[in-house]
Amino acid sequence: SSSSPPPASSCSHPPDSHFIGKKEDIVKAGRMTMLVNRCRDVLVVHHQGQLHAMDTRCYHSGGPLQYGDIEEFNGHMCIVCPWHKYKITLGEGEGLYQAVDNPTAKPLRTHWCSKGVKQRIHKITEVNGDVYVTLNNSSEAIESDVYQTEKYRTFLLKA
Ligand code: FES
C-alpha cells in the first residue's frame, strides 16, 4: 500500500525500545545505570552471559541496586540490595524471603517464599551487538514505581 513502513534498514531496532549501548561495553562494565526515555532510572546487569534490566532503586526503601551483590537463592539469581539485604530475582523482580516453618520447633527451619513481583523488570533486546531496553509499561502498579519520581531522583542525588 502507499502507507508502507520505511525500509527496515532505517529502523532496525525493536519498536518502543531505546538504544543503551554496545553489548561488549556492557559486558565489560558488568552493570550500568541509565535514564531511559528521560523518564526511568534503569539498571542493566550482565550476569553469567545474560543481560537483565530493572528499576534502579529497591522497592523496599529506594536502595541503590547497582551496588548490590548477585547471588543465587533457592535456584534464582538475585540482586541483594546493599541497604537491608532484600533479595530480588533478576528474571522476574520477585522479592524472596525465608519463612520459618514452625516458630516453636528447635532448631528453627526455614523455607524460601516469594512476595510476588516487587521490582519492575524491563525487557532487553540485542540486535547485532546493539542493546536496547524496552520499558515495561504495564499499568499494574509495582512497588518499585514509587522511587521513579523526579522528587526522589533529586533527593538521592543530594543525599
Ligand atoms: Fe533495599 Fe531496604 S532499600 S532492602
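The values are calculated or read from the model by the stated rules, or taken from the named source; none is laboratory data. Here the structure is a predicted model, which means the values were calculated and not measured. Heads up, the Cβs are rebuilt from the backbone with ideal geometry, glycines too, and the neighbour counts pull from every protein chain shown. These area figures cover heavy atoms from the full protein model, side chains too; ligands, DNA and RNA do not enter into them. Shrake-Rupley method; radii C 1.70, N 1.55, O 1.52, S 1.80 Å.
Are any of the residues in region 91-109 under 19 Å from Ala141 (Cβ atoms) and more than 16 Å from the ligand (Cβ to nearest atom)? Yes, there is a match, as at least one residue in region 91-109 is under 19 Å from Ala141 (Cβ atoms) and more than 16 Å from the ligand (Cβ to nearest atom). Tallying residues that are touching a Ser or Thr at 6+ places or on another chain (Cβ under 8 Å) and not in a loop (DSSP other than H, G, I, E, B) within region 74-88 yields 3.
Could you tell me which of the residues Ile124, Ile70, Ile88, Ile79 is within 16 Å of the ligand (Cβ to nearest atom) and either polar (S, T, N, Q) or open to solvent by 20 Å² or more (accessible area, probe 1.4 Å) (or both)? The match here is Ile70. Scanning region 127-157 for residues that are among the aliphatic types (A, V, I, L, M) and surrounded by 14 or more Cβ atoms within 10 Å (Cβ to Cβ) yields a total of 6. Tell me yes or no: at least one residue of region 69-88 is modelled with pLDDT under 95 and on the phi > 0 side of the Ramachandran plot. Checked against the condition, which is being modelled with pLDDT under 95 and on the phi > 0 side of the Ramachandran plot, region 69-88 yields at least one hit. Among the criteria (1) of a type in the set (Asp, Glu); (2) free of Cβ contacts under 8 Å to residues at least 24 places away in the same chain; (3) touching a helix residue (DSSP H, G or I) at 6+ places or on another chain (Cβ under 8 Å), the one Asp69 does not fulfil is (3). Pairs are defined by a Cβ separation below 6 Å, a sequence spacing of at least 6 or placement on different chains, a first member in region 86-97 that is under 21 Å from His46 (Cβ atoms), and a second member that is in a loop (DSSP other than H, G, I, E, B); the pairs so defined are Ile88/Gln119; Gly93/Gln119.
If you go through region 39-61 one residue at a time, do you hit one that is more than 30 Å from Pro15 (Cβ to Cβ) and either within 16 Å of the ligand (Cβ to nearest atom) or crowded, with 21+ Cβ neighbours inside 10 Å (or both)? Within region 39-61, one or more residues are more than 30 Å from Pro15 (Cβ to Cβ) and either within 16 Å of the ligand (Cβ to nearest atom) or crowded, with 21+ Cβ neighbours inside 10 Å (or both).
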